[in-house]
Each structure stands twice: as structure tokens, then as C-alpha cells.
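Engineer: Once you've had a glance at the structure underneath, I'll fire off some questions.
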Amino acid sequence: MTDNTTELDFGTTAQKATDAEKLPVVLLALDQGRYDMARSLDELRALADANGMDAVAKVVQKRATPEAATLLGEGKVAEARLVCQNVNAAAAIFDGELTGSQIRNLSAALQVEVLDRTMLILEIFRARATTNEGKLQTELATLRYQLPRLQGLGEALSRQGGGGGGGGGGARRGAGETKLELDRRHLHHRIEHLEGRLKELEKRRGETRRARQKNNVPVVALVGYTNVGKSSLLNALCGEQIFEADMLFATLDPTARKLVLPSGLQIILVDTVGFVSRLPHHLVEAFKSTLEEAAFADVIVKVADAGDAQAAEQLAVTDEVLGSLDCADIPQLVVYNKCDTANTMAFDPDILLTSAKTGYGLPALLAKLDEVLNHRVRTIEIVLPYDKLALADILRSRGSVAAEEYREDGVFYRATVKIDDLHLFEAFLV
């Protein structure tokens, strides 16, 4: 593979993945001791798997100072090239972010397509996004990622077309530089256009939130690491099927479902996009409007994987992202899901353990939500005169009826109503 074929083409590998069962890839990493490298590579392997790739080898170098051109040292790059050749790798994936020139240099040295961690996540997002907003957010994140990397690619184009003899200044300047400026201008225009469209969609989302607030319907957001079972929990609680799979980023677009708690309080349960460690800034920014479902929630349920030894780290990543959205004042519950797995760790008995698969712990979770939201409802006993039975519709649609008895002077109800509706029934309390 030569320099001029190396581009920031996020679709190339994803397209190849549709043509074969699994693409063999090699994982590359520079270990500077800043984080748990084994954990990070396991996550990168899972990301590759979610994108139709099979990580058949890895090349890791421990080095305090990265090589400017390739991050890895010259000897380690040569080693990585041999590994790629031996396993017939279709691509190499670097566990971190690369500049445009580093992508070009590594691809030329390894003779395979090179992606970095963010590019891989963007590919997954682009393949999984189903709603118009999800697609726009993914494209915006991709373009924001590409923009600062055009320079490195532009230099390759400049060498390819620059310095022609006998021409004017434009020819000496190089066709690559001209194309670089055109590409940069195109990206800026497209980014502005996408930002405008997303602001319109965000405005509509805000109107939906205001409608919920007007109806006083509490919102509970499920947040957490990717693949901890948030979608499975939503399906188990609401009885409605949304897509779920044992893979990273199975859900990208927020999904909202109605749920009636044991008290009779109706809530909106929202499933949100999952997080990963070192979630790229471009994605946090692009998906901020989606993640703000958590910021506007009445309760946040932080979900972790009970069978994962790194559950505490998962929750730390979740807290980090929530912190960037100013969610500190919102009541939060911690739920350890997948407690049916064989390697579940021991937990404090007061901690909420659930299994979306078996249903274990779901009643306790619903009861806890009722407890947190109990200030929103009140249980009352009333007798509605027969000419006021239209109010019974409010009891059923906005609350719940536990007992009903026809009497001479009207109909007796024991019911749970929202605090905001209480004034409608005060005259009929018994």
C-alpha cells in the first residue's frame, strides 16, 4: 500500500466486513503506563468484534516517549509488519488516537489499512445508527475527527502533485495544498450544516421534554457502560422488544418506553447510548443531545455488569461522562445487572442486583424507584358522586385504582394519584 492510497476513509473496512465472515486484524498499542493496557486491549478486541473483525494478534510496545512519526519505535513497527504479513491481516488497529500523518506513515510501513480506536468506534456508530439524528450525530463526529487530520494527508497529496517545472506559482505550490484547502472548506461547510440540523432536532427534543414536564411524567434514564444490559433491562421491565445483543454499542439511539410502577405512578424509561473508557471527545460532543436525556431525567439508573471484575471502573467511566453533563443533583441508583452469570462477584446485600434474563431483582428495582419518586404520588380514599364519575378517568389514566365499590351516594375508590392532581379530589376525600 502506497502513501497516496492511505486516506481517512471510515467506510473501507466496514464495507469489507460485509463481504467476509470475520476480517483478521492486528491490534497495536503503545504502553506508557497511563492506564490498564490489558483491559484496554480486551475492550479494543471487543470493539473489533462488534465491527465484524477478528483480532488475531497484538503488538504492544512499552515506551515512555512515543516516536513522533509512528508512535511505535522503528524496530517494533518492523515487527508489526511481519506479524501483519504472517496472519494475512486486512487491517491494523491502534489503541489510541493517531494524527493524519501517523496513519499514513504506519499504513505505508505495515502495508495494510490502519485505523485508530476512535475511527473504529465511529465505524461501529455509523453502521448501527438507525434514526436520522443518530446518523447526523455520527457524521458530525466523523467530520470533526477528520478535520485536524487533513494536514497530514494533504502533505502526501502535495508531494504527489507539487513542484511541476515551467508552471506558475500555483504549480509550484502543489495540487495537494489546493485540494487540502478545498477539503477543509468542504468539511467546515458540512459541519456547520449538520450542527444546524441537529439544533433543530434538539429543539424538537426539548419540546418533547417540556410536554413530559407539563404532564408531570417522571423520566428515568438507564445509563452505563456499553453491553451491560441496559436494553435487556428496558425490555424486561416494559415488556416491549427493542434491539438487544451481546455486543458493544448495540444501542445508539435513545429509546423511551412507558412503565407503570407498583404504586401506579406512570414513568418514562429511557435507554441511552453506552459508554466506553476514553470515550472520544468528538463522540461525547456529537451525542450530547442524546446523552442529555440523562441530564433532564428525574432519576438516573447507573447500570454495571455484575459479572465483570471491572464493574467499578465501568461505573467510574459512567460518572465521568455524567459529570460532564452536570447531572450531580439528580437522584441516582446503582444497579448491578447480569447477576445470573457464573462469575458474579460478591456484593453488599443492600446493593440492587438484577438479571434481565431471569427477572431476579426487578421487583426490588421497581420498589426502589417508587421510593425515590414517592413525593410525586399520594394514596387516597374518595367517594365520587355519580355525576362526577368523569374524574374516575383521571384516576385510571394518570394514576392507579386499587379498590372500587359502588355505594348509594357514589363510587368509592382507593387509588394512587399524582400530587399535581390531588386538588381535583380533595372535595371527595373520606
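Engineer: So for the range 37-161, averaging the separation of alpha carbon pairs under 8 Å that are six or more residues apart and normalising by length, what relative contact order in percent results? Mind dumping the intermediate values first?
Structural biologist: On the way: 109 pairs, mean separation 29.5, N = 125.
Taking the mean separation of contacting Cα pairs over the length of the range 37-161, I get 24 percent.
Engineer: Going down the list 22/230; 230/357; 22/58; 230/302; 203/258, which pairs span over 18 Å between their C-alpha atoms?
Structural biologist: Details: 22/230 27 Å; 230/357 12 Å; 22/58 16 Å; 230/302 9 Å; 203/258 22 Å.
Beyond 18 Å between Cα atoms: 22/230; 203/258.
Engineer: Over the range 300-430, average the accessible area per residue using a 1.4 Å probe and give it in Å², no decimals.
Structural biologist: Numbers: 6960 Å² over 131 residues.
Computed with neighbouring chains in place, this is 53 Å² per residue.
Engineer: Can I ask one more? Once phi is turned into θ = phi - 60°, what whole-Hz ³J(HN,Hα) does the Karplus curve with 6.51, -1.76 and 1.60 give for every residue of the range 47-57, x standing for Gly and Pro?
Structural biologist: 4, 4, 4, 5, 9, x, 10, 10, 6, 8, 7
Engineer: Could you work out the percent of alpha carbon pairs in the range 60-132 separated by over 19 Å, rounded to a whole number? List each step's numbers first, then the result.
Structural biologist: Details: 980 of 2628 pairs.
In whole percent, the long-distance tail amounts to 37.
Engineer: To continue, here is another question. For residue 354, list long-range residues whose amide hydrogen, built 1.01 Å from N in the peptide plane, is under 5 Å from its own amide hydrogen.
Structural biologist: Placed amide hydrogens put 336, 337, 338, 339 under 5 Å from residue 354.
The values are calculated or read from the model by the stated rules, or taken from the named source; none is laboratory data. All figures in this text were calculated on a predicted structure; none of them were measured in a lab. Side chains are part of the model used for accessible areas, which takes the heavy atoms of the whole protein and leaves out ligands, DNA and RNA. Shrake-Rupley method; radii C 1.70, N 1.55, O 1.52, S 1.80 Å.
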